[in-house]
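Reviewing the structure listed below.
The values are calculated or read from the model by the stated rules, or taken from the named source; none is laboratory data. Owing to the predicted nature of the structure, the values given are computational and were not obtained by experimental measurement. With ideal geometry, Cβ positions are generated from the backbone for all residues, glycine too; neighbour counts draw on all protein chains shown.
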Amino acid sequence: MLYVLVNPLASNGKAEENVQEAVKNFKCADFKQLSLIDLDVKTLIESTTAEDNIVILGGDGTLNRFANDTADIDFNCPVYLYKSGTGNDFMKDVEDKVENDMVLINEYLKDLPIITVKGKSYRFVNGIGYGIDGMCCEVADKMRAAGKENISYAGISIKLLIHGYKCPNAKITVDGKVYNFKKVWLASGMKGRYYGGGMNIAPSQDRTSGKLTSAVIHNSGKLKTLLVFPKLFKGEHVKHTKMFTAIEGRKITVEFSHPMALQIDGETVLDVSSYTIKSPVKVKA
């Protein structure tokens, strides 16, 4: 049996339109379409056999929820993600594995890093945005709740850069070593290279390495940051070494001087003072 799991809220409510295109990738006459909103994913996974296939229609937020709902479960059958999100940052990161807008994700659901924030722990697939990127998601959530569509995260970010964002200072601890940064625009923690709808914030990050990257933009004024911001999409911001720092490690803790919004694979957590991310993978010397 082919199970088609759809997040009807993904891609501004248009993910369901991709069902027939996704099914074309499988040689089967029948399939069962299920909504992820009220689905007991764990029970479904445990009921499958090697002859079954699962395809998920959604974006990064959908993949994040699926990864958390199926944590520590052994998959009996192949699980695929079909491109049906708004940002599709995971798809960009593994684009060499994507065929016909679909990718096998079983291997990518193993050994995911964990973020601990406000006393709770979650797995994440792409990355953590803390600072202006978290605030951007906070604003976007309010716009979406007000019924707005076609929200531009880049546009929101630029407006916040000009007015509304107050830079905190940050203390970042990576594998026991402490770094202090002033005037921080963002302090992200990355499993992949992309987040925020195509921003290549950590170009050197390898999601298969077992390491995580703390990507920090800091110690720069509004004008300089505005000029560099468009370069994030191509990863060219790394050339600006006076304002960009990338630190690799297995355990990263970020503490801001005042609480701010944080996003986990696009899902917003408000009033965060600190977070810790940790990779469960032992890195070979």
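Brief remarks follow.
- Pairing residues of the stretch 121-138 that are closer than 14 Å to residue 87 by Cβ and touching a residue at least 12 places away in the same chain (Cβ under 8 Å) with residues that are of a type in the set (Val, Ile, Thr) and part of a helix (DSSP H, G or I), at Cβ distances under 6 Å and at least 6 apart in sequence or on separate chains, gives 136/156.
- Residue check for residue 121: surrounded by fewer than 16 Cβ atoms within 10 Å (Cβ to Cβ), more than 18 Å from residue 275 (Cβ to Cβ) and assigned by TED's automatic domain parsing to the domain that holds residue 237: no
- Qualifying residue in the stretch 112-121 (condition: farther than 22 Å from residue 4 by Cα, of a type in the set (D, E, K, R), in a loop (DSSP other than H, G, I, E, B) and in contact with a strand residue (DSSP E or B) (Cβ under 7 Å, 6 or more places away or on another chain)): yes
- Test for residue 60: is it buried (at least 16 other Cβ atoms within 10 Å of the Cβ), charged (D, E, K, R) and closer than 30 Å to residue 196 by Cβ: yes
- Annotation: residue 281 fulfils all but one of (1) in a loop (DSSP other than H, G, I, E, B); (2) of a type outside the set (D, E, K, R); (3) buried (at least 17 other Cβ atoms within 10 Å of the Cβ); the unmet one is (3).
- Residue match in the stretch 79-100 (condition: under 19 Å from residue 186 (Cβ atoms), touching a helix residue (DSSP H, G or I) at 6+ places or on another chain (Cβ under 7 Å), assigned by TED's automatic domain parsing to the domain that holds residue 199 and not hydroxyl-bearing (Ser, Thr, Tyr)): no
- In this entry, residue 246 passes the filter for residues that are among the small types (Gly, Ala, Ser), in contact (Cβ under 8 Å) with a residue 12 or more places away in the chain and out of contact with any Phe, Trp or Tyr (no Cβ under 9 Å at 6 or more places or on another chain).
- Selection within the stretch 242-273: residues that are among the polar types (S, T, N, Q) and crowded, with 17+ Cβ neighbours inside 10 Å. The member of this set that is farthest from residue 115 (Cα to Cα) is 245.
- Selection status of residue 36, modelled with pLDDT of 90 or more, in contact with a Pro (Cβ under 9 Å, 6 or more places away or on another chain) and of a type in the set (A, V, I, L, M): yes
- Search result, residues across the stretch 20-57 that are small (Gly, Ala, Ser) and buried (at least 16 other Cβ atoms within 10 Å of the Cβ): 22
- Residue in the stretch 1-9 that is under 24 Å from the mean Cα position of the chain (by Cα), at pLDDT below 85 and crowded, with 17+ Cβ neighbours inside 10 Å present: yes
- Restricted to the stretch 1-58, the set of strands (runs of 3 or more DSSP E) holding at least 1 residues that are β-branched (Val, Ile, Thr) comprises 2-6, 53-58.
- The stretch 27-53 residues that are in the same structural domain as residue 78 (by TED's automatic domain parsing), paired with ones that are among the charged types (D, E, K, R) (beta carbon under 8 Å, 6 or more apart): 36/65; 41/69; 42/69
- Search result, residues across the stretch 71-108 that are among the β-branched types (Val, Ile, Thr) and part of a loop (DSSP other than H, G, I, E, B): 73, 86, 94, 98, 105
- Evaluation of residue 92 against the conditions (1) modelled with pLDDT under 90; (2) under 16 Å from the mean Cα position of the chain (by Cα) shows that the sole unmet condition is (1).
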